[in-house]
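The values are calculated or read from the model by the stated rules, or taken from the named source; none is laboratory data. Just so you know, these numbers come straight off a predicted model, no measurement behind them. We place every Cβ from the backbone using ideal geometry, glycine too, and count neighbours over all the protein chains shown. Just so you know, the surface numbers come from the protein's heavy atoms only, side chains and all, with ligands and any DNA or RNA stripped out. Shrake-Rupley method; radii C 1.70, N 1.55, O 1.52, S 1.80 Å.
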Amino acid sequence: MNGRDDDRPGSFWPRGRVRRLSDAARLVAVLGALLGLAVLSVLVPDIGHAALSRVRGLPGTVLEVANAVSSLAVLLSLIAIVATAVHRRRYAVPSAAMACALGAALAVAAQGAAEAGWIASVGLPRESAVVPVAATVAFVVGADLRWSRRLLEVTWTALGAAIACALLLGSLTVPGCVASLLLGTAAGLAVRVAAGVVPARPPETLVRAVLARAGVVVDQLRPLDQATGRVRYAGTDASGDLVVTVVDPDRRGVALARRAWRVLRFRTPAVGRPALSLRGVTERQALVTGLARSAGVDVPPVVALLAAGQALVLVQRPLEGTRLVDVGTPEAAALASAFGALRRLHDAGLAHGSLSADTVVLTPDGAGFTGLQFAQPAAGELQRDLDVVALLVAVGARVGVDGAVTALYSGYAGSSADLARLVPLVQPLGMTRSARRAVQGTAILGDLRTALSGPGHHGPVAAPRLERIRARTVFAVAGATVGAHVLVTQLSDVSIGSAISRAQPAWLAVAVLGSAVTYVGAALVLSAFSPTRLPLGRTTLVQLASSFVTLVTPPTVGHIGLNIRYLQRSGQPTPTAAAAVGVSQAVTVVVTVVLLLACGWLSGVSPSRPSLLPSGDVLAVLLVAAVVLGLVVAVPGTRHALYRRLQPLVRRTVPQLLAAATDPRRLATAALGVVILNGGNVLALDASLRAFSTSLALPSLVVVYLVASTVGSAAPTPGGLGAVEAALVAGLTATGVPVAAALTSVLAFRAATFWLPAPVGWVALLGLQRRERI
């Protein structure tokens with residue numbers, strides 16, 4: 001077959017293949033499911049014997065006949081796939097064949113590894129249907145039957161019936177069925193990721209027909225450029241030239257990847273909220289175009305936004321003019337017009353998002369913009385400022401810094417004071433790749449910072465240092481890794497699977513309930529010292545949202561920051577909000593210390609032997625905590641760091657603390673909140689112990705929890721990860737709890753109080769942000 005035929009989507013090996021991000025994501029998910037099945041087979045060794053018994057009253061002959069009919073239906077469906085693919089989608093044949101061979105090989109390899117004892121068996125060595133099922137699933141997945149939905153439904157129905165018959169006949173167990181389905185799916189997706197797929201692009205005849213139905217009649221479409229998942233055509237209708245962009249359904253993964261990368265590089269205020277679907281991106285572009293034209297900004301007008309099958313067709317008229325990158329020496333008036341157009345765009349609440357010399361067009365009437373794929377409606381100040389910096393850099397690369405700043409003052413703003421906030425943004429991090437390349441090796445950025453700083457600054461102005469990952473984050477990750485390593489080392493000596501199988505679900509539910517109570521207590525403490533009345537329900541949601549924030553910050557830091565933000569949104573000035581949160585934290589510490597001392601003393605009191613000293617086990621825990629605190633204070637570096645953190649807090653909170661001391665009602669509410677907060681956590685820890693048939697005296701349990709909580713608050717890891725677990729296990733084992741019970745109980749406690757609330761806290765955080773409560 002010649003090269004021209006190889007380029008056609010209908011050939012057996014076309015060149016225009018794409019690799020979907022969604023296929024790669026599904027492959028990772030399937031591989032994770034296979035790993036989970038392997039882990040489950042280790043924890044539950046008898047899982048490989050799980051099989052479905054014959055349906056009562058149904059003769060075996062009926063099942064055998066049904067099995068033969070369903071197997072024949074599967075075979076006919078595969079033949080139909082090959083015949084239809086040769087006629088419509090020839091590349092599906094070699095893709096499906098490669099996937100079928102790989103699926104069968106994986107199934108045979110898995111059976112051999114299970115027989116040799118290299119991997120845990122899930123019934124694979126004994127089941128004759130595993131290889132055929134895996135090979136068939138791989139064939140169907142590798143064929144990528146998006147081009148024939150009806151054939152795909154028929155094939156999966158026949159295959160499902162055949163698998164059901166195999167399960168009922170005993171030639172396939174439930175775990176073996178799951179393993180064969182996962183192996184076949186993994187093989188098919190692996191071929192699609194490695195070799196690529198043919199994009200679901202509609203033919204030109206269909207595109208022209210869709211345009212004609214919308215009233216846009218074009219004689220022919222001339223390809224302008226082609227990229228992964230997208231093709232742009234040039235055409236002409238009765239009104240003039242057109243640019244027709246056809247975006248495949250496979251394009252949505254590319255758009256998602258780009259949006260995710262922008263969000264990772266910048267925070268949401270810099271790039272806006274990403275549109276996660278292709279339809280959302282295209283609809284937003286059409287919306288921004290209409291709003292920009294209403295504001296008097298020259299942009300390529302949208303003629304139509306249509307659907308051609310599963311693809312989207314965007315029809316625009318090109319903007320008449322010359323791109324800034326193609327102009328030798330642009331006139332000052334034209335550059336001022338470009339900044340004026342940007343001013344009108346921003347006044348309409350829009351941000352371009354990707355300004356460069358390629359997207360600025362100098363028109364006969366002034367200037368306009370193209371490339372609105374990343375434009376944002378209802379843009380914030382930071383997004384608009386980044387637009388101004390991008391246009392400054394693009395113009396400065398063409399006419400120099402002085403010309404760019406002059407055009408800025410002429411067309412956008414006349415006061416240098418209003419533009420001083422742009423200085424920190426003039427650096428490569430906030431620029432597009434093309435803009436960074438244009439100024440690489442030049443002094444444009446430094447000269448722009450100096451020019452924008454005003455006449456009072458002499459000499460170059462250095463760019464401020466921006467960090468997304470700080471040294472503290474690195475140490476936090478390292479600490480979490482060390483803590484996880486220590487915990488896993490301890491877990492290696494304990495049969496976690498057998499311990500979890502003996503857990504009592506009722507007590508685990510009590511642990512979750514205790515965790516939920518803690519957020520009500522935290523809300524009471526904060527409300528007690530707020531100058532304005534705070535709704536208890538909303539304040540509780542804020543405390544729940546902090547459970548998600550602590551996943552990425554040290555526990556105290558994220559909690560305090562979120563509460564201050566909440567009080568600010570409630571109408572309180574920043575100093576007042578910070579002082580209120582500081583007072584609540586100080587009262588929490590004082591009441592917690594009183595509880596610790598009281599429970600430490602009560603741990604040594606018994607009816608037969610009253611004593612003023614705590615029990616020996618609790619004394620040991622308190623002694624260890626005192627030694628750790630003494631070491632922290634003895635080291636000059638940590639002592640100075642502790643002083644720097646506490647001194648401002650004490651200076652701000654002491655006046656309000658003294659004022660609060662004169663209000664018994666507030667103090668009583670705060671003390672009740674602290675008791676509920678700590679009581680909920682103690683209840684969760686006690687229920688976690690009882691879930692594994694272990695218990696501890698209440699005073700000793702309170703001491704162990706409070707000491708571990710103090711250690712976790714001082715740890716630099718997110719949520720005290722690693723430190724809390726180690727402190728709890730050490731405290732429980734020191735008070736006589738067996739190691740196995742301590743480890744499993746701590747895992748259950750942390751799951752109930754740290755991991756399970758996090759996704760719920762994320763939902764609460766999004767809801768509060770949407771309502772502008774934080």
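Summary of values
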| read-out | value |
| --- | --- |
| 2 or more residues more than 25 Å from THR540 (Cα to Cα), of a type in the set (A, V, I, L, M, F, W, C) and touching a residue at least 40 places away in the same chain (Cβ under 8 Å): qualifying helices (runs of 4 or more DSSP H) within segment 683-774 | 698-714, 723-734, 739-750 |
| ALA295 being on the phi < 0 side of the Ramachandran plot and at pLDDT 85 or above | yes |
| Qualifying positions in segment 292-334 - out of contact with any Pro (no Cβ under 9 Å at 6 or more places or on another chain) and either of a type in the set (Lys, Arg) or under 30 Å from ARG149 (Cβ atoms) (or both) | ALA304, LEU305, LEU306, ALA307, LEU314, VAL315, ARG323 |
| Complete set of residues in segment 170-209 that are free of Cβ contacts under 8 Å to residues at least 40 places away in the same chain and basic (Lys, Arg) | ARG208 |
| Residues satisfying the stated conditions in segment 360-380, i.e. open to solvent by 20 Å² or more (accessible area, probe 1.4 Å) and under 18 Å from GLY396 (Cα atoms) | LEU362 |
| Matching option when the condition is at pLDDT 75 or above and assigned to a helix (DSSP H, G or I), among LEU622, LEU562 | LEU562 |
| Residue that is surrounded by the fewest Cβ atoms within 10 Å (Cβ to Cβ), among those in segment 710-726 that are within 25 Å of ALA509 (Cβ to Cβ) and at pLDDT 80 or above | GLU725 |
| Some residue of segment 332-341 being within 30 Å of LEU221 (Cα to Cα) and either touching a Lys or Arg at 6+ places or on another chain (Cβ under 7 Å) or polar (S, T, N, Q) (or both) | no |
| Any hit, segment 333-343, residues being among the hydroxyl-bearing types (Ser, Thr, Tyr), touching a residue at least 40 places away in the same chain (Cβ under 8 Å) and in contact with a Gly (Cβ under 8 Å, 6 or more places away or on another chain) | yes |
| Entirely in segment 361-461, the helices (runs of 4 or more DSSP H) that have 1 or more residues that are at pLDDT below 80 and closer than 30 Å to LEU314 by Cβ | 433-439 |
| Given (1) over 30 Å from the mean Cα position of the chain (by Cα); (2) aliphatic (A, V, I, L, M); (3) open to solvent by 30 Å² or more (accessible area, probe 1.4 Å), index of the condition LEU448 fails | (3) |
| Failed item in (1) within 21 Å of SER546 (Cβ to Cβ); (2) at pLDDT 85 or above; (3) of a type in the set (A, V, I, L, M, F, W, C); (4) open to solvent by 10 Å² or more (accessible area, probe 1.4 Å), with ALA684 passing the rest | (4) |
| Segment 193-222: number of residues that are modelled with pLDDT of 85 or more and open to solvent by 20 Å² or more (accessible area, probe 1.4 Å) | 10 |
| Number of the condition not met by GLN572 [criteria: (1) open to solvent by less than 30 Å² (accessible area, probe 1.4 Å); (2) at pLDDT 80 or above; (3) part of a helix (DSSP H, G or I)] | (3) |
| Single residue of segment 303-357 satisfying the filter (among the hydroxyl-bearing types (Ser, Thr, Tyr) and in a loop (DSSP other than H, G, I, E, B)) that is most open to solvent (accessible area, probe 1.4 Å) | THR329 |
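Residue by residue, here is whether (1) more than 35 Å from the chain's Cα centre (by Cα); (2) open to solvent by less than 30 Å² (accessible area, probe 1.4 Å) holds:
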site	(1), (2)
ALA135	no, yes
GLY142	no, yes
GLU153	no, no
TRP156	no, no
CYS165	yes, yes
VAL174	no, no
LEU181	no, no
